[in-house]
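A single structure is presented below for examination.
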Amino acid sequence: MRILAVAVLLAATASPAVEPQPSAGCAREAIEHGRRLVKKIDVAGTPREVIVDVPDSVKPGTPAPVLLDFHGFGHSGAGVWNVSGFKTLAERDGFITAYPEGLPIHLTLRGEEVDGAGWQMDAVADNRDVAFTTALLDQLERDYCVDHRRVYSTGFSNGAFFSQVLACALSGRIAAVAPVSGGTLRFDCKPARPVPILIQNGSEDELIPVAWRARPATAGKRSTAAPATPHPTAPPASAGPNAAAARRWNTARRPTATAGSRRRPTACGPSSPTRPCPENFYTETRRNGDMPASSVSPRLRVKKGGGGRL
């Protein structure tokens, strides 16, 4: 579903009428290609890491889109890269994908204290991961020919929440976002411009119900409409302080859901305010975590030669 969501965003925000906005890296005559380039970035003294996929279809001097794909709580960028269907899509359509690695965060999950790799999502100010994303984009735009108007973000679970944070914090740099299995943010989001967003949730998700995507957050405090924390997308460690949680996870593993009805995506309408569009939205009746790793309609292709509407 994440593959489909981003394909829709790339197609919907591409327009031949909008000229690409080349980055400084477009002056380079040669660039580094590779399907799994491990990059290290220092952010205010903290080392950060990201896996970058630059297929041969990305050419020097030709502005390319960039997709940021943020893993869920307890997962890793490397793990997402291993199963990502974006590798095939990126080669076909000529875009750069970055799979950032999160740092430890502490969550209260269903009354239990847990720790795992993830993304800060409670505020924009002093957010270490917003600073990391800013530094990451700065580096990519120096090293490669990036189209400033076609920078996108997606993510699953905790990564979905963080993609929404980026829409709030970096609306001048992020063209659109496609969170999968996220929910309402816990603070007022006031982007400098309206940011297109395609939200996907599982209709049988018991941890983040579809209804949470549409409920307003409460400024300055935790919203009672939003989940207390995002759910884990991997079992807690089987040893150490989270051993009891791991045992409960393993004994209460969710059954695999069968696919239900689907509706093809259509537009919510030009200049629409943020609101749920249940009848115009691709849905799949699946529990969270049972989504296919790679699935995209061959008709949902990236339109080349244009920039995203800002």
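So if we plug the beta-carbon distance of Asp122 and Lys190 into 1/(1 + (r/R0)^6) with R0 = 25 Å, what FRET efficiency do we get, rounded to 0.05?
0.95
Amide H neighbours of Ala64 under 5 Å, at least 5 residues apart or on other chains, H built in the peptide plane: list them.
When sequence neighbours closer than 5 places are left aside, the close amide H contacts are Val146, Asp147.
Take peptides 180-191, 76-87 and line them up by average Cβ neighbours within 10 Å, highest first, as a rough protection proxy.
Peptide ranking by packing, descending: 180-191, 76-87.
Mind listing the Cα extents of the range 48-167 along all three principal axes, in Å, largest one first?
51, 31, 21
Now for a separate question. Which ordering of His33, His71 is given by a fewest-first count of other beta-carbon atoms within 10 Å?
Least to most surrounded, the residues fall as His33, His71.
Values quoted throughout were computed directly from the atomic coordinates according to the rules given, and no laboratory measurement underlies them. Note that the structure is a prediction, hence the values are computed from the model and not measured. Here Cβ is always computed from backbone atoms with ideal geometry, including for glycine, and neighbour counts include all displayed protein chains.
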